[in-house]
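One structure below.
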Amino acid sequence: MLSIKNLHASVEEKNIIKGLNLEVKPGEVHAIMGPNGAGKSTLGYVLSGRDGYEVSEGEATLNGKNLLELDVEERAREGLFLAFQYPVEIPGVSNMEFMKESVNAMREQHGKEPLTAAEFLKKAKEACKQVQLPLDFLKRGVNEGFSGGEKKRNEIMQMILLEPSLCILDESDSGLDVDALQVVADGVNSQRDGERSFIVVTHYQRLLDYIKPDFVHILADGKIVKSGDASLALDVEKSGYAFLGKEYAEGEA
Amino acid sequence: MSEQIEQALERKYEAGFYSEIESETFESGLDESVIRRISAMKEEPEWMLEWRLKAYRSWLEMEEPDWAHVDYPKIDYQAISYYSAPKSMKDKPQSLDEVDPELLRTYEKLGIPLHEQEMLAGVAVDAVFDSVSVVTTFRSKLEEAGVIFCPISEALKKYPDLVKKYIGSVVPRTDNYFAALNSAVFTDGSFVYIPKGTRCPMELSTYFRINEMNTGQFERTLIIADEGSYVSYLEGCTAPQRDENQLHAAVVELVAMDDATIKYSTVQNWYPGDENGKGGIYNFVTKRGIAHTNAKISWTQVETGSAVTWKYPSCVLKGDNSVGEFYSVALTRGRQQADTGTKMIHVGKNTRSTIISKGISAGNSNNAYRGLVQMGPRADGARNFTECDSLLIGDKCGAHTFPYIESRNPSAIVEHEATTSKVSDEQLFLCQQRGLDTEKAVSMIVNGFCKEVFKELPMEFAVEAGKLLEISLEGSVG
């Protein structure tokens with residue numbers, strides 16, 4: 001599935017990822033935790049190919065394909081999905097229209113016929129209900145005037161519709177109340193089918209009560225410094241990142 | 001990112017072909033004898049010739065305006081040919097079967113299948129090729145409803161009183177430099193008359209095409225909607241790709257009598273010139289409508305072509321309770337320059353106007369909105385709302401807004417909102433992460449920006465306008 005070897009990456013000539021290794025097998029859920037500034041969000045951007053995120057060393061492959069050679073949209077069509085921490089608004093472009101184009105771009109990649117408007121509408125309505133957004137959200141502009149929680153649920157709706165092989169959730173729990181968190185988690189859990197893999201990036205253990213990870217990794221200073229099972233997240237919850245050294249001991253939990 | 005967008009914008013002009021059609025073209029140059037020849041070719045009544053000559057003499061005294069935010073070399077009016085017509089038009093065809101097949105192929109290339117339109121679309125089309133109107137479809141059906149839709153040259157023969165009464169009544173022949181020139185040399189255009197209480201049974205549509213080299217196109221359109229009638233009219237324009245600049249100076253006059261509605265939509269895609277600013281059409285157009293009591297005039301324009309655009313479709317809200325609307329999308333890229341907007345002249349009581357302008361600038365282009373809202377002393381309770389939004393793509397283009405507000409009535413209300421935004425890296429990244437390529441992403445974002453205006457276009461033309469924007473924005477993304 002996903003294989004990252006000795007990855008080094010920088011933003012504006014500042015090294016952020018410094019020799020990261022990660023293997024994700026089909027069906028696995030990996031949680032990535034770590035203190036602020038550890039490079040958690042950067043990892044998602046580097047893997048998805050965002051402009052301005054330069055890889056200087058190492059490799060990353062998805063289903064055997066070298067991700068680093070592909071454009072952003074090509075990586076997406078290979079099945080890489082990034083749920084944004086702060087989803088941006090696209091005024092005037094309806095959610096419906098946006099997702100239909102998106103779904104059909106994926107289908108084309110896999111040699112499938114595009115969905116008709118009626119077929120797509122049926123799927124979209126189901127997904128919309130699943131993340132408990134009113135159906136008129138399909139007609140509204142992409143994220144236009146959505147609350148923080150609605151934006152996050154909208155991301156999960158897109159994930160459900162796009163059926164990616166690897167989902168990277170970038171702090172999908174931030175700013176959510178317990179009910180919204182439950183909806184997001186249910187959405188993610190419904191997509192766990194033994195094949196699809198997840199990387200759940202989070203600052204807090206809380207999300208992992210709802211989405212049970214197979215592995216937990218601690219990212220600090222651009223590297224994975226500790227890996228374990230779900231119990232590692234509980235340790236972090238209890239004692240913070242103090243084990244990383246003095247500079248992380250305070251103000252983190 | 002900006003590099004990707006730039007590539008996406010370097011798209012070739014799709015309507016840039018030239019058709020091999022035998023035509024009769026005047027040698028270039030302009031003097032009174034040329035005007036006499038045009039009038040004679042059209043077998044016009046004497047008063048029309050006199051009117052033209054008066055316009056010409058006024059024009060000689062006038063100065064070319066230079067206040068617009070555009071920059072272009074001086075036009076040599078003696079280097080332009082003022083008349084060109086496909087030869088086969090001499091004996092005007094009575095039906096499509098008699099039209100030169102090459103001409104029909106031209107229209108098909110432009111996506112205007114005249115045959116099909118006549119049969120299926122329920123849209124009546126008048127096609128103007130260089131200086132003459134080639135064919136008007138669907139005439140019998142319109143005649144049944146009492147609607148007159150024909151080339152203005154024909155209207156001058158069949159309905160001279162109507163033409164005489166209204167021509168120049170909205171845009172006087174001395175209105176401005178280009179209107180005066182048009183009044184002197186106009187060659188064809190469409191004439192529409194909707195009788196009292198009649199709802200025109202279909203959309204009326206005119207396609208203009210400049211084909212010959214060094215010709216100017218000076219069409220004149222006159223639409224009269226009698227009391228309580230309704231008409232929706234659309235014009236589309238294209239031209240071949242040439243290194244020389246060509247002049248298009250049109251005049252459109254709308255008369256909406258009491259309780260009448262005129263909806264006038266334009267999809268303008270004249271050749272914009274190449275990426276270095278070579279060639280392209282100078283689009284210097286005067287459009288104005290006069291609305292009587294309870295009447296409504298609505299202008300919708302999608303402007304993507306032309307090297308230089310100078311155009312302010314306006315409404316004179318003369319009658320009480322009359323309504324004026326202006327919805328505009330103007331896209332400039334490469335070296336294009338546009339100075340466009342509207343004038344809303346509130347004369348009557350409780351007159352209302354709405355202005356929604358969306359300017360999109362890309363490449364090295366400059367896009368200016370210029371609008372006047374004038375509340376006259378008798379315009380009690382008049383209202384205007386203006387929204388003027390600019391979208392910038394890349395960092396080498398310009399967006400400018402020149403709003404003029406003149407109020408001489410304390411009870412009148414004028415609102416003006418303006419925004420400027422950019423296609424952001426974040427928006428592009430979101431689209432790409434969802435599998436859309438840059439072209440698709442940019443066109444989707446721009447289409448979203450224009451949505452308020454597109455929804456004002458007749459259904460089938462909204463689709464066309466969306467596609468046109470997509471084509472104008474698409475490119476060879478590497």
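The values are calculated or read from the model by the stated rules, or taken from the named source; none is laboratory data. Keep in mind it's a predicted model, so treat the numbers as computed, not measured. Methodologically, a virtual Cβ is constructed for each residue, glycine included, from the backbone with ideal geometry; neighbour enumeration extends over all protein chains shown.
List of remarks:
- Complete set of residues in the range A:59-70 that are over 18 Å from the mean Cα position of the chain (by Cα) and within 14 Å of chain B (Cβ to nearest Cβ): A:L70
- Only one of the numbered conditions (1) modelled with pLDDT of 90 or more; (2) at negative phi; (3) within 13 Å of chain B (Cβ to nearest Cβ) is violated by A:E163, and that is (2).
- All told, A:F243 falls short of being outside any loop (DSSP other than H, G, I, E, B) and within 16 Å of the chain's Cα centre (by Cα).
- Out of A:I4, A:I32, sole residue that is in contact with a Lys or Arg (Cβ under 8 Å, 6 or more places away or on another chain), crowded, with 20+ Cβ neighbours inside 10 Å, part of a strand (DSSP E or B) and not aromatic (F, W, Y): A:I32
- Output for the range B:426-458, where each listed residue is small (G, A, S), more than 7 Å from chain A (Cβ to nearest Cβ) and more than 30 Å from B:T354 (Cβ to Cβ): B:A441
- The criterion of being at pLDDT below 95, outside any loop (DSSP other than H, G, I, E, B), away from chain B (no Cβ under 14 Å) and exposed (fewer than 15 other Cβ atoms within 10 Å of the Cβ) does not hold for A:E23.
- Going through (1) within 14 Å of chain B (Cβ to nearest Cβ); (2) touching a helix residue (DSSP H, G or I) at 6+ places or on another chain (Cβ under 7 Å); (3) surrounded by 21 or more Cβ atoms within 10 Å (Cβ to Cβ); (4) in contact (Cβ under 8 Å) with a residue 40 or more places away in the chain one by one, A:Y53 falls short only on (3).
- Among the residues of this structure, B:I21 does not count as one that is closer than 30 Å to A:Y53 by Cβ, β-branched (V, I, T) and at pLDDT below 85.
- Single residue of the range B:402-420 satisfying the filter (part of a strand (DSSP E or B) and among the hydroxyl-bearing types (S, T, Y)) that is farthest from the other protein chains (Cβ to nearest Cβ): B:S407
- Candidate set: the range A:40-50, residues that are of a type in the set (A, V, I, L, M, F, W, C) and within 14 Å of chain B (Cβ to nearest Cβ); chosen: the one nearest to the chain's Cα centre (by Cα): A:L47
- Qualifying residue in the range A:210-217 (condition: free of Cβ contacts under 8 Å to residues at least 12 places away in the same chain, within 28 Å of A:V46 (Cα to Cα) and either surrounded by fewer than 16 Cβ atoms within 10 Å (Cβ to Cβ) or within 15 Å of the chain's Cα centre (by Cα) (or both)): no
- The listed residue being under 30 Å from B:K455 (Cα atoms) and of a type in the set (A, V, I, L, M, F, W, C), out of A:V55, A:V93: A:V93
One line per residue, one yes/no per condition, for (1) among the basic types (K, R); (2) within 20 Å of B:G466 (Cα to Cα); (3) out of contact with any Ser or Thr (no Cβ under 7 Å at 6 or more places or on another chain):
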position	(1), (2), (3)
B:F402	no, no, yes
B:S407	no, no, yes
B:P410	no, no, yes
B:S424	no, no, yes
B:L430	no, no, yes
B:R434	yes, no, no
B:E439	no, yes, yes
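- Restricting the range A:76-100 to residues that are charged (D, E, K, R) and either facing chain B (nearest Cβ under 8 Å) or outside any helix (DSSP H, G or I) (or both), the residue that is farthest from the chain's Cα centre (by Cα): A:E97
- Exactly one residue out of A:R153, A:R75, A:R140 is at pLDDT 95 or above and either at negative phi or touching a strand residue (DSSP E or B) at 6+ places or on another chain (Cβ under 6 Å) (or both), and it is A:R75.
- No other residue among B:V477, B:V463, B:V423 is at pLDDT below 90, within 14 Å of chain A (Cβ to nearest Cβ), surrounded by fewer than 20 Cβ atoms within 10 Å (Cβ to Cβ) and more than 26 Å from the chain's Cα centre (by Cα) apart from B:V477.
To keep it simple, each residue is scored yes or no on (1) touching a Lys or Arg at 6+ places or on another chain (Cβ under 8 Å); (2) buried (at least 21 other Cβ atoms within 10 Å of the Cβ); (3) away from chain B (no Cβ under 14 Å).
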| position | (1), (2), (3) |
| --- | --- |
| A:G145 | no, no, no |
| A:E155 | no, yes, no |
| A:L169 | no, yes, no |
| A:Q182 | no, no, yes |
| A:R192 | no, no, yes |
| A:L207 | no, yes, yes |
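- Residue check, A:E155 touching a Pro at 6+ places or on another chain (Cβ under 8 Å), within 25 Å of A:R206 (Cα to Cα) and not small (G, A, S): yes
- The selection criterion, being more than 17 Å from the chain's Cα centre (by Cα) and either at pLDDT 95 or above or part of a loop (DSSP other than H, G, I, E, B) (or both), holds for A:P114.
- When A:E108, A:E119 are screened for being within 14 Å of another protein chain (Cβ to nearest Cβ), surrounded by fewer than 15 Cβ atoms within 10 Å (Cβ to Cβ) and more than 20 Å from A:V184 (Cβ to Cβ), only A:E108 passes.
- Search result, residues across the range B:426-436 that are surrounded by 20 or more Cβ atoms within 10 Å (Cβ to Cβ) and charged (D, E, K, R): B:R434
- Segments classed as strands (runs of 3 or more DSSP E), wholly inside the range B:213-283, with at least 3 members that are within 22 Å of B:L468 (Cα to Cα) and modelled with pLDDT of 85 or more: B:261-268
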